[in-house]
Structures are given as structure tokens and as C-alpha cells.
1. Could you state, as a whole-number percent, how many of the C-alpha pairs of the stretch 32-95 are farther apart than 12 Å?
2. Ranked highest first by the average count of other Cβ atoms within 10 Å around their residues, in what order do 90-98, 58-66 fall?
3. Determine, for each peptide in 374-381, 318-325, 48-55, the mean count of other beta carbons within 10 angstrom over its residues, then list the peptides with the highest first.
4. Name the long-range amide H neighbours of TYR256: under 5 Å, sequence gap of 5 or more, or other chain; modelled H, no Pro or chain starts.
5. Would you give the gap between the C-alpha center of the stretch 88-145 and the C-alpha center of the stretch 44-62, rounded to a whole Å?
6. Step through the residues of the stretch 375-383 one at a time and calculate ³J(HN,Hα) from phi using the Karplus curve (6.51 cos²θ - 1.76 cosθ + 1.60, θ = phi - 60°), rounding each to whole Hz and writing x for Gly and Pro.
7. Order of 117-124, 225-232 by packing, highest average Cβ count within 10 Å first?
Amino acid sequence: MSRHDLKLPFLLIAVAGLLLISHQGVAQEKPAPLALDNSALILNLISDRFALRKDAAKELTRRGNKAVPDLLLTLQTTKNAELRKALQELVEQLLWPSDEETAKKVLAKVPELAKKGEVDVMIEALVMGREYTDRDSAKPFRELADRYLEMNKGKTENLLTIIGPMHGEYYKKVSGKIVGLKELEGVSGVHLLAEAVEYVPPFSRGLAVVTEWRGERQSFSSSYVFLNSPTIARPIYKSLLICNGDLAVRYDANSYAPIHDSLVICNGNVHFGAIYNSAIIATGDIISPNVKHRPGSHLQPNDKEIGKLWFTNNTSLGAVFAMIDKRLVISSLESDGLLAQSKLQKNDGLVALNGRAIRDKAEFFQLVCRTRALGATAYLTVLRESEIQILTFSSTEHNSKK
């Protein structure tokens with residue numbers, strides 16, 4: 001074999017090697033995140049490669065509202081637990097920011113909300129910004145309390161004498177924030193700002209602003225209490241209690257408790273045992289099954305003006321709801337309500353708002369209040385004829401009836 005004959009195989013091998021190297025180089029190139037659609041980026045959130053996961057999350061975050069509907073749709077439809085977890089974390093970052101800048105913007109809205117009497121959104125704003133609250137951001141609650149007391153002047157005697165400190169060491173079981181606002185005029189000591197309260201001892205001489213009061217064993221005395229959910233409480237003494245939902249004042253399922261020297265304002269029904277020198281105003285029924293109302297007290301049931309002035313309720317949302325098969329369902333819609341712009345339809349099942357599950361009407365109202373406090377677009381995940389759909393509406397627009 002000649003030297004010339006030997007060169008040919010080596011030449012072929014060299015060319016083949018170059019082609020292989022070139023092919024591998026092309027195969028290993030990853031598409032730039034900007035070139036990928038939302039579906040591809042969502043799948044990359046659970047890639048084996050850290051760089052791809054990081055790039056996907058960064059690009060989806062950059063796309064913001066343009067990516068949110070795909071994120072929420074996949075969150076509800078995927079069967080991959082790892083992907084669902086990654087999506088939930090990303091949705092929380094995008095739609096429920098909890099950074100200091102957001103908190104301060106939300107707290108800055110509280111005085112204006114107080115002027116409008118929008119107590120439900122006020123509550124959520126203060127609870128959301130509780131890590132950064134101060135005397136100025138909590139002061140409007142005291143001023144609003146004074147406003148309601150003045151409105152009811154003459155209906156009761158000697159309402160609310162709030163004096164002395166509250167003992168903060170008793171409140172270690174609260175899933176929220178205990179803050180010291182010692183300079184808050186008229187309400188001294190430690191105050192409670194929380195998303196959810198499971199149990200505290202009898203609440204006394206303080207300001208409580210809570211999204212959801214879950215316990216059933218608390219009494220309130222000499223306090224201002226703002227609650228954004230249905231509530232069960234024990235006796236109420238010398239307090240202003242504002243409740244967005246039904247209120248039951250009772251010792252147990254069969255024994256209702258009294259209300260003494262207090263003003264109770266409730267967006268819902270009020271059940272209690274007896275009333276002494278107090279005023280109750282409610283949008284629903286005021287029911288005392290055990291004893292007659294005592295002299296010196298004032299009852300004002302079915303006060304529809306409360307619903308028109310403040311509290312997100314059926315009227316301001318422009319919808320009537322029903323619970324069907326453990327899901328909140330739209331029974332009817334008004335053409336000019338807050339939800340009309342969302343393209344909701346009768347019999348739509350409400351699954352989630354901005355990625356957070358909707359378990360009942362009270363929770364849905366709380367989520368709406370929170371998106372309104374943020375001033376954010378609301379994304380509704382609905383079940384319509386067995387199909388998941390994502391609808392949007394502006395949570396900051398007000399109903400003309402309000």
C-alpha cells in the first residue's frame with residue numbers, strides 16, 4: 001500500500017471527527033430564554049439543570065402579567081407535584097409580594113381608606129404591612145373608631161373606656177405579629193396585627209386588626225377590634241368590635257354570651273345572649289334567643305347602608321354566591337358589579353384568586369380585599385363546564401352602589 005493510499009482513511013476520520021464535534025456543539029446549545037414560549041419556560045422550572053431553572057424563573061418573572069395566565073392554568077391542571085410546587089412559589093412572588101417597599105406602599109393607603117370608610121381593605125392593608133407598621137399607620141383605626149362612636153352618640157352611655165397596658169407575654173400562640181405601639185393615643189400597650197389567630201387568652205386593652213379570628217374561646221374587653229371574617233367570641237365588654245361576617249357571641253354551642261357597654265358593627269347576622277347598655281348595628285339579623293334586650297341599648301338590624309358605605313359584600317361585588325359540592329359558585333351577577341368586568345358567568349365555580357385557593361365566601365372576600373389593598377390585577381381561576389379558565393378583573397374599581 002502506498003503512502004498516498006494511507007492518507008485517505010486518516011482524512012476521512014479527521015473529517016468525520018470535525019462533523020461530530022460540530023454536531024455536538026449545535027446539540028448542546030440551549031435556546032435563549034427570550035426565544036422560548038411560556039409553556040417551554042414553565043417546563044424548565046423543573047429541569048435537572050440549575051441554570052435552566054434559574055433562567056426560566058427569571059424570564060417568567062420579567063414577563064409578569066403576560067405569563068401569569070399560563071402559570072395559573074398549569075398550576076391547576078398539572079399532575080406533577082414538583083412543578084406545582086415551583087409554580088406556586090413563583091405565583092406567590094409575582095402576585096403576593098411581601099417586600100418592604102410593597103408593605104410601605106400598602107400602609108400609605110390606610111389614611112385614605114379610612115376616610116372612605118373601607119374597613120375591609122384597611123384591615124388587609126395593615127395586616128399585610130404589619131412587619132413595618134408604626135404609630136402613624138395604625139392611628140387611622142383609632143380615628144375611625146372615634147368616628148363610629150360619635151355616629152352612635154346618645155344611643156348608649158359611657159361606651160369605651162380604654163385605659164392601661166396590655167400584657168404582651170400572654171400572646172405567644174398567635175400566628176401573626178405582636179407590635180408595640182405605645183404612642184398610639186388612647187390605646188396603650190401591645191397590639192395584635194395578624195393574618196390568623198388560633199387562640200389567645202381574653203383580649204384586653206388593645207387594638208386587634210386581624211384577617212381571620214379562628215378561635216372560639218376569646219372574650220374582648222376595653223379594646224378596638226377589627227376582624228375581616230365571621231367570628232365566634234365570648235363576652236364582649238367595653239369594646240368597639242367591627243366584624244366583616246356573621247358574629248356569634250357565645251360560651252358554647254348551646255349557651256350565648258352577653259355584650260356589655262360596647263358598640264358592635266357587623267356585616268352579617270349577630271347572635272348573642274343578652275345586651276347591656278350597648279349598641280348593635282348589622283346588615284343582617286340581630287338575634288337574642290335567651291333574654292329580652294335590656295333598657296339603654298340600641299339595636300339596628302338589616303342596616304343596608306353599612307353595606308353601601310363599606311365592607312366588600314354581595315352588593316358591592318355584584319354577585320350572589322352558593323356553596324355547591326364544597327365549591328363557591330356564582331348564582332347570579334349584576335351588570336354593574338365589581339365582578340361584571342371579569343366575564344364570569346352564572347354557575348361558574350370559583351377555584352382560586354391569584355393562585356390562592358377559595359374555600360368559601362368569607363375567604364374569597366378576604367382575597368379580594370387583599371388584592372384591592374395591593375392595587376393589583378385579580379386573576380380568577382374558575383371551573384366552567386368541567387374546564388379550567390383564567391379570568392381577570394381590576395380589583396381597584398368600585399361599584400357605583402358603594
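FYI, it's all coordinate maths here, none of it is from the lab. Small disclaimer: the values here were computed from a predicted structure and weren't measured. Neighbour counts are summed over all protein chains in view; Cβ atoms, including those assigned to glycine, are modelled from backbone coordinates with ideal geometry.
1. 63 percent
2. Taking the mean over residues of other Cβ atoms within 10 Å, the ranking is 90-98, 58-66.
3. 374-381, 318-325, 48-55
4. Those qualifying (amide H under 5 Å, at least 5 residues apart or on another chain) are TYR251.
5. One Cα centre to the other: 32 Å.
6. Along the stretch 375-383, the couplings run x, 9, 5, 9, 10, 9, 8, 10, 9 Hz.
7. Most protected by this proxy first, the peptides run 117-124, 225-232.
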